[in-house]
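The numbers here are math on the coordinates, done by the rules we state, and not lab data. Values in this document were obtained by computation on a predicted structure and should not be read as measured data. All Cβ positions, even for glycine, are placed from backbone atoms using ideal geometry, and neighbour counts span all protein chains on display.
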Amino acid sequence: QVQFVESGGGLVQPGGSLRLSCVASGITFRTNNMAWYRQAPGKQREFVSAITSSSNTNYADSVKGRFTISRDNAKKTVYLQMNSLKPEDTAVYFCTTPGIGSWGQGTQVTVSS
């Protein structure tokens, strides 16, 4: 059974930082690409960042230069370091393996003063 468990969200002021974590199970983690998505209230889920099995990365334009994705294959964990946070980054953040069709419960990120 595929499972993704996200954590690390919270309330942060604009300009602040958070580090999200996602532990995966039920997949051969080291051979899978991983991705972060987010969904803001009233909006569709959108792509944030992805990392391949060989650690190549890509980012949505809206987060490029502020967010960094990484992975630890030994811990079956993917991370999202988020710096210089903006109110428009407020959303529930999810991780997944692209194309697998399974999602975790997400972790809430709120950027507000």
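Work through the residues other than residue 63 whose Cβ is under 12 Å from its Cβ and net out their charges, Lys, Arg +1 and Asp, Glu -1.
Summing Lys and Arg as +1 and Asp and Glu as -1 gives 0.
What is the spin-label model distance, in nm, from residue 60 to residue 43 if the labels are put 7 Å beyond Cα along the C-beta direction?
A separation of 0.6 nm, rounded to one decimal place.
What is the Cα coordinate range of the chain on the first, second and third principal axes, sorted by size from largest, in whole angstrom?
40, 25, 22
Compute log10 of I(q)/I(0) for region 1-56 with the Debye formula, placing one identical point scatterer on every Cα and leaving out solvent, at q = 0.17, 0.21, 0.22, 0.30 Å⁻¹, to two decimals.
Here log10 of I(q) over I(0) equals -0.73, -1.02, -1.08, -1.28.
Loop-only chymotrypsin sites (Phe, Trp or Tyr not before Pro) in region 8-53, please: DSSP not H, G, I, E or B, and at most 13 other Cβ atoms within 10 Å.
Passing sites in region 8-53 do not exist.
Please give the net charge around residue 30, taking every other residue with its beta carbon less than 13 angstrom from that of residue 30, where Lys and Arg add +1 and Asp and Glu add -1.
Charge balance near residue 30 sits at +2.
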